[in-house]
Amino acid sequence: MYKKLLIFIPHINVGGVEKNFFLISNYLAGKFDNVVVITASRDFTKNLKKKIKIISIKNSKWANSSRYTRYIISIFLLIRTLLFDRNYLVFSFQANWYAIIIAKLFGVKIVTRSNTAPEGWSNSFIKKKIYRFVINFADKIIVNSNEFKQSIKRYFNVNSICIYNPLNKSKLLKLSAEKKNFSFFNKKKYLRIINIGRFTDQKNQLLILKAIKYLNNSIPIRLLIIGRGKNYIDLKNFIEKNNLKKNVILKKYIDNPYPYLKLSDIFILSSNYEGLPNVLLEAQYFKKIIISTKCPTGPKEILLNGKAGIFFKMNDYKDLSNKIIYTYKNKKELKKKVKIGYNNLNRFDENKNLKMYYQVLLKYLINEKN
């Protein structure tokens with residue numbers, strides 16, 4: 001006899017976490033009969049297979065509520081669900097320490113998936129102490145890079161298992177085939193640069209804009225930044241104040257950014273911290289030159305410590321500008337790094353990594369009492 005699988009993700013947005021959530025959840029729904037998702041973001045659940053049961057709030061007024069409100073709603077839904085039925089394995093994608101506490105209060109096993117390196121969110125001494133205590137009660141912890149695995153061990157003295165993000169190549173290929181007439185990216189005239197990510201302090205797109213300003217038109221550049229988030233106005237104001245509108249387009253998030261990625265020459269990752277950034281894998285798949293910070297965690301692992309890309313110093317826009325100039329002058333030579341990255345993408349094979357999720361969860365879904 002098997003337990004039911006309950007996947008807990010309070011807030012669904014449009015980032016890498018969510019891409020992995022949909023891919024993993026739909027795969028597991030093909031392997032297990034009883035898969036349930038608890039989320040307050042009901043508006044995004046159309047991307048899930050119909051056989052997955054959704055536990056959410058029906059009142060549409062919560063559709064645009066804050067992240068923390070959705071957390072509170074989802075925590076309530078988790079408590080209510082386990083109050084009436086404890087024959088579940090909880091698989092948590094977000095709000096892990098809340099999910100751990102609730103699962104253990106009801107005597108339910110829980111597997112957590114951590115998405116963001118501890119360096120990014122554990123600056124609070126009290127929060128770090130609480131999490132160090134709570135995380136030990138998880139039955140299994142999954143992280144998405146080996147550097148992350150080392151980091152969580154160092155910060156919280158817990159063991160985890162690394163499962164890379166599954167890269168869905170066939171979907172990327174299909175989405176990238178959409179035709180875009182984007183004259184801004186004129187191949188003959190400009191070095192075409194792109195960044196895709198949420199407009200947040202973590203992603204730090206302001207650093208790229210500072211680098212473009214510092215270059216002062218010394219080389220012909222076009223920069224496209226695609227995303228959405230709280231820093232949109234700040235980025236827009238910087239572009240206008242520094243007369244960068246001819247060189248930079250700030251585009252609010254679109255469902256399919258891949259035709260634009262396909263048209264670019266360079267992808268820049270300016271993040272202060274990550275987990276395992278999907279967008280770098282996608283840039284590698286489309287054979288783009290990558291310039292990235294060495295932020296924790298993921299970029300060093302994806303870019304093979306520089307064999308498959310170029311690194312610049314974190315929060316150093318002058319160093320980034322120098323790396324852009326270097327790329328402009330050495331595009332042909334850098335194709336060697338691009339080839340190395342592309343040839344090593346098998347580490348992130350979709351079927352291989354989804355199968356690992358299945359194998360880990362299967363162990364805990366088996367009801368040993370029966």
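No lab work stands behind these numbers, since they all come straight from the coordinates. No experiment lies behind these values; they were computed from the predicted model shown. When we count neighbours, we look across all protein chains shown, and the Cβ atoms used for this are built from the backbone with ideal geometry, even at glycine.
Computed from backbone phi, the HN-Hα couplings of segment 259-276 come to x, 6, 4, 5, 7, 7, 9, 10, 10, 10, 10, 10, 5, 8, 7, 8, x, 9 Hz, rounded to whole numbers (Karplus: 6.51 cos²θ - 1.76 cosθ + 1.60, θ = phi - 60°; Gly and Pro given as x).
On the basis of the beta-carbon distance and an R0 of 22 Å, K127 and T200 show a calculated FRET efficiency of 0.70.
Each peptide in 19-27, 242-250, 7-15 was scored by the mean count of other Cβ atoms within 10 Å over its residues; highest first, the order is 7-15, 19-27, 242-250. Rg of the Cα atoms in segment 77-220, relative to 2.2 N^0.38 Å, amounts to 1.48. On the principal axes of its alpha-carbon atoms, segment 65-156 has extents of 39, 30, 22 Å, going from largest to smallest.
With all projection directions averaged, the alpha carbon convex hull of segment 104-145 covers 3.3 nm². Pairwise Cα separations in the chain fall into 20 Å bins from 0 onward with the following percentages, short to long: 28, 56, 16, 0. What the Cα atoms of segment 250-326 give is an Rg and a Dmax of 12.2, 32 Å. Using R0 = 22 Å, the C-beta based FRET efficiency linking R86 and M356 works out to 0.25.
Rounded to the nearest 20 debye, the dipole magnitude of the chain is 840 debye, with +1 charges on Lys and Arg beta carbons, -1 on Asp and Glu beta carbons, and the Cα centre as origin. With the highest mean first, a sort of the peptides 223-229, 185-191 on other beta-carbon atoms found within 10 angstrom per residue produces 223-229, 185-191.
Evaluated at q = 0.12 Å⁻¹, a Debye calculation over the C-alpha positions of segment 25-106 (equal weights, vacuum) places log10 I(q)/I(0) at -0.35. Between the residues A138, F125, C295, the greatest Cα displacement towards the positive end of the dipole of the chain, with unit charges on the Cβ of Lys, Arg, Asp and Glu, is found for C295.
With R₀ fixed at 45 Å, the C-beta to C-beta distance from N237 to D43 puts the FRET efficiency at about 0.90.
With K and R counted +1 and D and E -1, the other residues having a Cβ less than 9 Å from that of F238 yield a net charge of +2. Applying 0.36 nm per residue to the separation of N256 and R347 and subtracting their alpha-carbon distance, the gain on full extension is 30.3 nm.
Between the residues L223, F93, Y27, the greatest Cα displacement towards the positive end of the dipole of the chain, with unit charges on the Cβ of Lys, Arg, Asp and Glu, is found for L223.
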